[in-house]
Amino acid sequence: MGMLPLLAIAAVLCMTPPLPTHMPPAQRVLFPFDPVILLGSGEKMEGVATREADYGGFHYRFATEASQRAFAAMPARFAIACGGGCARMGPLSDAGDVQRFEVANDRLYIFASDACRASFLKEPAAFLEVADDPFPTDQRGIELATIARRWLRADAACPKEIVVLATREEKSADLANDVVNNVVNNVVNNVVNKVVHKVRDEMRLAPNLTFTVLNAWNDDAWWTTACFSPADDKATPMNFKRSTAQGEQPLDESQIEAFRRVAMLEPIFLSRLLLQSDVKLAGGGTENWKVGEKVLTGEILKMHWKGVTVEWLLKPATGQPVAQRAMKRSRDARFALVTESLAEWNDTAGVRVPMVRTDGVTMRKFDAVESDCKPEATDAVTGAPQ
């Protein structure tokens with residue numbers, strides 16, 4: 001067998017697998033009380049089967065015709081907030097429990113646990129998605145965006161999907177076996193058995209700003225996909241939470257906005273977003289940012305799109321981003337301004353991708369970038385085409 005066939009077989013074997021076959025749409029969950037009356041007076045009144053409506057992933061029943069009419073006129077106002085996700089963990093979290101509900105800020109929220117409910121009620125505003133204030137585009141912002149696009153190769157046409165991935169193994173305690181062993185041996189400090197799990201994280205950027213985040217744990221996978229380009233007459237954007245273990249759920253408006261922020265925290269998405277005409281760009285001057293023990297110096301490029309602002313710290317001579325700063329969920333699920341350094345840029349895909357992102361405490365490290373795009377040869381220092 002010649003070399004070319006062998007290379008072709010190797011290329012096929014190394015290709016990123018397609019997204020798994022997901023579960024069909026989930027059955028809607030019944031909320032136990034009339035949501036309009038609950039929000040209006042706090043009274044818990046059950047609805048009747050002759051007055052009902054579906055919205056998002058939930059089924060609602062109403063005690064009166066007036067409640068049903070009010071819900072039909074403004075369903076997003078009265079339905080469960082955060083798309084049914086746990087209000088503490090955010091709209092993109094797993095669905096909360098309809099038996100754990102609270103009214104706060106004149107909205108109806110549900111929670112994954114009693115601990116989540118207690119944390120949220122202490123400081124609701126700290127966990128809620130808030131839109132960033134817009135700003136006008138200025139000339140320096142346009143200039144910095146231009147050199148950043150050139151360094152990132154964002155201007156090069158790339159009709160293929162770009163996949164950034166990481167694989168690892170994690171060990172967790174086999175609690176069931178541990179309990180059995182303790183009972184049989186009557187040993188209090190028994191050695192805990194460890195189970196090895198294969199974990200895979202992916203980010204996928206397809207044409208038309210279609211962005212996907214996938215997390216796989218052994219044979220189970222969960223992923224969210226949203227198309228952020230303007231809809232046209234030929235196709236409807238596919239905006240879904242999907243899984244191999246749970247039923248498919250369409251994203252509601254709050255979940256799409258939350259996922260927009262997730263997408264804009266990823267440089268592969270921002271590099272393509274810089275090509276959009278409705279992105280606001282502004283210079284922020286030269287600053288020193290501290291990330292852990294490191295102090296990074298550069299010029300700030302501020303980018304704002306549809307309620308989300310991200311700042312890059314650039315090397316002004318080349319346009320290379322060395323760090324980024326944005327509001328994001330911290331480790332305790334509150335929103336905070338987080339600064340992360342960007343390093344170990346991969347140079348093989350259709351756009352340059354940082355493989356390491358760290359806030360000085362925790363690190364996200366990716367293993368590879370896969371794409372059929374053929375990047376143009378560029379100078380390693382300036383990023384300019386050779």
Restricting attention to the stretch 239-253, does a residue exist that is of a type in the set (Ser, Thr, Tyr) and crowded, with 18+ Cβ neighbours inside 10 Å? yes
Pairs returned, first residue in the stretch 37-50 that is assigned by TED's automatic domain parsing to the domain that holds Arg69, second residue that is assigned to a helix (DSSP H, G or I) and of a type in the set (Val, Ile, Thr), beta-carbon separation under 7 angstrom, 6 or more apart or interchain, are Glu43/Ile37; Met45/Ile37
The residue from Val98, Val36, Val103 that alone is under 24 Å from Ser243 (Cβ atoms) and β-branched (Val, Ile, Thr) is Val98
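Here is a yes/no grid of residues against (1) more than 23 Å from Asp201 (Cβ to Cβ); (2) of a type in the set (Phe, Trp, Tyr); (3) part of a loop (DSSP other than H, G, I, E, B); (4) in contact with a helix residue (DSSP H, G or I) (Cβ under 6 Å, 6 or more places away or on another chain):
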position	(1), (2), (3), (4)
Gly284	yes, no, no, no
Trp289	yes, yes, no, no
Leu301	yes, no, no, yes
Pro321	no, no, no, no
Met327	no, no, no, no
Trp345	no, yes, no, no
Note on the stretch 265-285: residues farther than 16 Å from Ile147 by Cβ, more than 21 Å from the chain's Cα centre (by Cα) and touching a residue at least 24 places away in the same chain (Cβ under 8 Å) are Asp278, Lys280
Practice problem: Kindly indicate whether any position in the stretch 129-138 is modelled with pLDDT of 90 or more and either of a type in the set (Phe, Trp, Tyr) or crowded, with 21+ Cβ neighbours inside 10 Å (or both). | Solution: yes
Out of (1) modelled with pLDDT of 95 or more; (2) out of contact with any Phe, Trp or Tyr (no Cβ under 9 Å at 6 or more places or on another chain); (3) more than 27 Å from Pro159 (Cβ to Cβ), the one Thr297 does not meet is (2)
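Please find, among Ser341, Ser254, the residue that is within 30 Å of Ile80 (Cβ to Cβ) and either in the same structural domain as Ala206 (by TED's automatic domain parsing) or more than 16 Å from the chain's Cα centre (by Cα) (or both). Give the derivation first.
On the way: Ser341 fails: within 30 Å of Ile80 (Cβ to Cβ).
After ruling out the rest, the residue left standing is Ser254.
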Cβ pairs under 7 Å, 6+ apart or interchain, first in the stretch 329-345 and under 23 Å from Ile268 (Cβ atoms), second among the aromatic types (Phe, Trp, Tyr), ordered by first then second residue, are Arg329/Phe335; Thr339/Trp289
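Take Asp201 and tell me if it is assigned to a strand (DSSP E or B), of a type in the set (D, E, K, R), modelled with pLDDT of 90 or more and under 30 Å from Arg150 (Cβ atoms).
On the way: assigned to a strand (DSSP E or B): yes; of a type in the set (D, E, K, R): yes; modelled with pLDDT of 90 or more: yes; under 30 Å from Arg150 (Cβ atoms): yes.
Yes, satisfied.
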* Asked: Regarding Ala349, is this residue of a type outside the set (Val, Ile, Thr), outside any strand (DSSP E or B) and surrounded by 20 or more Cβ atoms within 10 Å (Cβ to Cβ)?
  -> yes
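Can you report the number of residues in the stretch 16-36 which are in a loop (DSSP other than H, G, I, E, B) and touching a residue at least 12 places away in the same chain (Cβ under 8 Å)?
Number of matching residues: 12.
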Do the conditions hold for Ile142, that is, is it buried (at least 16 other Cβ atoms within 10 Å of the Cβ), at pLDDT 90 or above and touching a strand residue (DSSP E or B) at 6+ places or on another chain (Cβ under 8 Å)?
no
Considering the stretch 49-86, residues that are out of contact with any strand residue (DSSP E or B) (no Cβ under 7 Å at 6 or more places or on another chain) and assigned to a strand (DSSP E or B), and then whichever is farthest from Glu253 (Cα to Cα), we arrive at Thr50
Checked the stretch 335-366 for anything touching a Leu at 6+ places or on another chain (Cβ under 6 Å) and modelled with pLDDT under 95; matches are Val351, Arg352
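The values are calculated or read from the model by the stated rules, or taken from the named source; none is laboratory data. In this text the structure is predicted, and so the values were computed from the model without any measurement. Cβ coordinates were reconstructed from backbone atoms using ideal geometry, including for glycine residues, and neighbour counts include every protein chain displayed.
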